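The numbers here are math on the coordinates, done by the rules we state, and not lab data. Note that the structure is predicted; figures quoted are calculated from it, not measured. Note that we place each Cβ from the backbone using ideal geometry, even for glycine, and neighbour counts take in every protein chain shown.
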Amino acid sequence: MARLSEQELRRLIQGGETSTVELKAAAPRPVELAERMCGMANAQGGMIIIGVEDAKHTIVGVPDDRVAMTIDTILRAARQNVKPVFVLDPPEPELYEVGGKRLVVAAVPLSRGPVYQSGGVFWVRRGTHTVPLEAAELLELLGDKGLVDWEHQPVGGATMEDLDMGKVEAYLKQRSTRERQPGRFEHVEQVLVGMGCAVVRDGGEMVPTNAGMLFFGYNPQFFIIQGKWCVSSFERRLVPAAMPIARLSREPFRT
């Protein structure tokens with residue numbers, strides 16, 4: 001990130017705390033700083049400015065004898081309290097002098113990879129507050145980043161009884177006629193797990209995934225209300241090999 005001019009820094013301070021700006025008169029504990037870093041990185045990124053009183057946006061500065069400790073606190077928060085290890089941009093906090101007073105500024109980049117956590121909690125910045133991500137929000141964020149596959153997530157509230165095993169067996173029977181080892185499809189539940197249509201929970205319970213529910217569910221619209229099948233027919237010579245025949249949209253199932 002390019003170094004700020006004094007005018008740019010003053011403008012940020014005068015604007016007060018926002019979703020991307022945190023003002024502190026002095027460096028808080030590394031644990032609290034780590035939460036702020038996680039929240040910004042998991043949202044839009046931002047800047048933590050040490051040496052500014054938040055309520056009136058007054059520049060109080062960081063005393064010379066506390067500058068080194070302030071920088072060390074920020075780095076310990078990023079390297080020891082944030083998981084996985086977090087790197088600022090630039091990698092170390094920068095020193096600024098505004099009105100004869102020294103400020104320490106840590107630039108927090110937006111994460112385009114991992115979702116960061118501290119103390120076992122995934123944090124996100126909302127307005128001027130840093131709050132824990134709820135489970136559903138975390139899954140959505142992980143999905144947006146491509147870190148989890150929605151298709152392979154278990155369907156909430158569903159059991160294997162919600163799958164039409166007649167459809168499963170008919171599908172596997174059709175496949176077995178084209179396979180050199182037809183016996184590999186004898187254990188239906190194992191095959192469903194291998195296809196990504198079912199998963200085994202930690203307690204040993206097998207449940208259908210979103211993909212399994214879409215393909216073989218009796219009533220997928222009861223569980224995946226935002227889903228819709230779109231099937232198109234093309235002449236074989238016009239269809240690219242990788243063209244999908246189904247997609248999900250926000251429209252409901254047509255039943």
- Over all alpha-carbon pairs in segment 6-144, figure out the percentage whose distance exceeds 26 Å. 19
- Task: Read phi for every residue in segment 156-170 and hand back ³J(HN,Hα) as whole Hz from Karplus 6.51 cos²θ - 1.76 cosθ + 1.60, θ = phi - 60°, with x for Gly and Pro.
- Result: x, x, 9, 10, 5, 5, 7, 9, 7, 5, x, 5, 4, 5, 5
- Contour minus Cα-Cα span, Met69 to Met206, at 0.36 nm per residue, comes to 44.1 nm
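Hey, got the dipole for segment 101-174? About the Cα centre, +1 on K and R Cβ, -1 on D and E Cβ, debye to the nearest 20?
880
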- What is the local net charge at Gly61, summed over the other residues whose Cβ is closer than 13 Å to its Cβ (Lys, Arg +1; Asp, Glu -1)? 0
- Item | Residues Leu12, Leu33 arranged by fewest to most Cβ contacts within 10 Å | Leu12, Leu33
